[in-house]
1. Can you name the residue in segment 604-634 that is among the basic types (Lys, Arg) and not in a strand (DSSP E or B) and, of all such residues, is nearest to Leu677 (Cα to Cα)?
2. Within segment 635-649, take every residue that is part of a strand (DSSP E or B) and more than 25 Å from the chain's Cα centre (by Cα) and give me the one that is surrounded by the most Cβ atoms within 10 Å (Cβ to Cβ).
3. Could you tell me whether any residue of segment 650-667 is among the aliphatic types (A, V, I, L, M) and buried (at least 22 other Cβ atoms within 10 Å of the Cβ)?
4. List the helices (runs of 4 or more DSSP H) that sit entirely inside segment 95-190 and contain at least 1 residues that are modelled with pLDDT under 95, among the hydrophobic types (A, V, I, L, M, F, W, C) and closer than 20 Å to Arg324 by Cα.
5. Take residues that are touching a Lys or Arg at 6+ places or on another chain (Cβ under 7 Å) and tell me which of the helices (runs of 4 or more DSSP H) falling wholly in segment 240-349 contain 2 or more.
6. Given the criterion farther than 23 Å from Asp245 by Cβ and assigned to a loop (DSSP other than H, G, I, E, B), identify the matching residue among Gln19, Gln48.
7. Among the residues of segment 425-473, which ones are open to solvent by 10 Å² or more (accessible area, probe 1.4 Å), of a type in the set (Val, Ile, Thr) and closer than 25 Å to Gln360 by Cβ?
8. Could you say whether any residue in segment 14-34 is touching a residue at least 60 places away in the same chain (Cβ under 8 Å), over 19 Å from Ile191 (Cβ atoms) and open to solvent by less than 20 Å² (accessible area, probe 1.4 Å)?
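The values are calculated or read from the model by the stated rules, or taken from the named source; none is laboratory data. All figures in this text were calculated on a predicted structure; none of them were measured in a lab. Note that we place each Cβ from the backbone using ideal geometry, even for glycine, and neighbour counts take in every protein chain shown. Side chains included, ligands, DNA and RNA excluded: accessible areas come from the protein's heavy atoms. Shrake-Rupley method; radii C 1.70, N 1.55, O 1.52, S 1.80 Å.
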Amino acid sequence: MSKVHSASIHLGLVIHNHQPVGNFPWVFQQVYEESYLPMIKSLEQHPQVRLSLHYTGSLLDWFHEAHPEFVERIAVLVRRNQVELVSGGYYEPILPSIPDQDKIAQIRRLNERLFRDFGVNASGMWIAERVWEPGLPHLIREAGIEWTILDDVHFKNVGLEDKDLLGYYATEDQSNVLKVYATSKKMRYNIPWRPVTETIKALRSLATLDGKRIVVMGDDGEKFGSWPETSEYCWGTTMQKGWVDEFFTALAEHSDWIHMTPLGEHARNYPALGRIYIPTSSYIEMTDWALPPQKSYLFGKLLHQLEKEHRDDILQFMRGGFWRSFLVRYPEVNNQHKKMLRVHDAVYAAGANEETGVVQLWKAQANDTYWHGLFGGIYMNHVRSAIYHHLIKAENAADRIRFGNGQWQHFEFTDFDRDSQNELIVESDQQNIYIDPQRGGTLFEWDLRRSMHNVLSVMSRHEEGYHRTLREYEQERRKREALAAQQSADKSSRVGSAQPVSPHTSVRTKEPDLDLYLIVDRYRRNSLVDHFLPPATTLSDFAQLDFEEMGNFIELPYETSIQQDSNGIRVTLSRDGHVRRPGALGPLQVFLSKTLFVPVGEEKLVVGYTIENRAKTLLQTRFACEWNINFLGGGGNDQAYCHVEGQELDNEHFDSTGEVAQVSSFNIGNCWIQQDLAFTLSEATTLWRFSIDTVTGSEAGFERIHQGSCLTLLWPLILESGQSWSVEIHCEGKPSR
């Protein structure tokens, strides 16, 4: 009687763990306690469960500093051949967005770290946000990596189906072959959101007699405990097992036919299913977020509809936008990216070693604020500021090699943002000032080198596709509350359930009526934005953008001239424009000139304005000079302040709102970053100030985030024909007290 062979299958689990460079230390600790530590404890208790773990360099650095014993616990699992460690870019960069030298160097740096800490030569890597471009294979192979993992959508875009993805494929560029696995969307959405039995049943349906197939699930480790409502659900209580323990127990019970196989081991022992060439892509949600907001909303609605109808035959061909479109959608992302490229050139010109800032450059390439979506992005103010901190720190190191430790200063007209029009960059040993003559003659970056802080790193309030979803949700919520006014249900957030719901398919809010805060800026929140306002405009009108612009100076070209001598650099920006009068038939011709003087050897900027009435009749208006400053003042941060000399404010927090008349000098700053800016005015002004808050989405729900504060200086103007008015604004930086 012949022996009956039972069907079997391999299961390859890859858990990706990452925290952004610059994230709050308490967040690292919280996620460590909620996700990272429980996972290792669970693996220790289930030795039959074998999988792959990926920790980014920023996490490993923190582990060594805060919990060195945790590193040793991982090492024990590695030594007993239970855990395979996976490499990647050290600081988790989007690989296509950084220069090739840095791609290779960052991967090699993490390879070396894994060998030094754990004695392993990693054969595979995690691709940050699975952002793929066809030129990556030869660079990844040059860095010593043999395999990687992408989403199944990457493969389905070229016509493959789920049944074709039970193994790896070979792709190549310039004859360098890379092995690529597909992570199963079904498994990602089952684990841990669905009962364990569903995953076991799905694996049973795919098992074969030859046992060659492998099902791959690669996803974020943070969803096991740190995402909303997942802590007790994943890890249990003293009275009840959690989902992970139940899952690992089930895998052990079925180990006779479910073979837990790390992907590196599988790649060594099995051939490719075939050859493949993968187009530019990322996971489907990322391609959704990369679209313009209205298209993103429509794309998301269509995706959900097709998923509801189980139209996999159509879904596989759904592709959203291209990741690089984030550089178009958000000027702030492009600004950060082009600054990174500029610093890269400086660091490599200085020798590209630790003394010239190369490690700081790599830290600044961390992906988290070079895009925006549900799980992170450019709106994270503290992380965005940290990226600039590392960029300026790298620039300082490189420039000390290039220009020495003495005083120096230079300027350059260059197409910084790569749009074919030149910007003006003034750099010195003290500060960098970036000027956009084509868009209102505004300042869009101001780096103070001593504190290594870009004070103009402010995020504008952009329209987002999910804002429409939020409006619909809030409207429905208010209808429900009107019908159930007597009930005491929680009115501010989604009611939790015993089984959590994936953030991809649920809506949560951290406070009610967030849709009332949805404001879209008409212009980028730069500084030295020149307004002419109607007399009746109030601070509230200005903050809500509920006013009419009377001049034609916003985001329009200014003529530029520059002079340099031993005292410093003087930039003159001017525009012949016009100012409309309420109720009048035509506008009045107005000439506006602003000069920026950058003195040698000082942390100082002097701005002078001259406004001339070139019309034949009286000009009566209000001129407003708008500054948008980021001093990390969100949540009433006690370290960030605004002081007005000679006046006591109701609230001196940097993110406070208020109007103060007859202001001749004021100070803003942040004690923690040791930066103060003192403003002194030659003519007293009315000062408006308010917090710029965005409404953004995250895995924890919709929330308001402080992006910076708007400080606007207002002067009433009454000028006869041919008459001019002038003011001088001195801005002096120093360490805060």
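1. Residues of segment 604-634 among the basic types (Lys, Arg): 604, 614, 616, 622.
From the residues that got through so far, the ones that are not in a strand (DSSP E or B) too are 614, 616.
Working: Arg614: 35, Lys616: 40 Å.
Top of the filtered list is Arg614.
2. Going residue by residue through segment 635-649, those that are part of a strand (DSSP E or B) are 640-644.
Subsequent filtering for residues that are more than 25 Å from the chain's Cα centre (by Cα) retains 641-644.
On the way: Tyr641: 20, Cys642: 24, His643: 15, Val644: 20.
Here the residue is Cys642.
3. No - not one qualifying residue is present in segment 650-667.
4. Working: elements: 100-118, 136-142, 152-156, 185-190.
In segment 95-190, the matching helices (runs of 4 or more DSSP H) lie at 152-156.
5. Details: elements: 243-253, 263-269, 284-289, 293-308, 312-315, 326-329, 331-349.
Result: 331-349.
6. Checking each option against the conditions leaves just Gln19.
7. Those that are open to solvent by 10 Å² or more (accessible area, probe 1.4 Å), of a type in the set (Val, Ile, Thr) and closer than 25 Å to Gln360 by Cβ: none in segment 425-473.
8. Just the residues of segment 14-34 that are touching a residue at least 60 places away in the same chain (Cβ under 8 Å), to begin with: 14-18, 20-24, 30-31, 34.
With over 19 Å from Ile191 (Cβ atoms) added as a condition, the list becomes 20-24, 30.
Among the residues that remain, those that are also open to solvent by less than 20 Å² (accessible area, probe 1.4 Å) are: 20-21.
For segment 14-34, residues touching a residue at least 60 places away in the same chain (Cβ under 8 Å), over 19 Å from Ile191 (Cβ atoms) and open to solvent by less than 20 Å² (accessible area, probe 1.4 Å): present.
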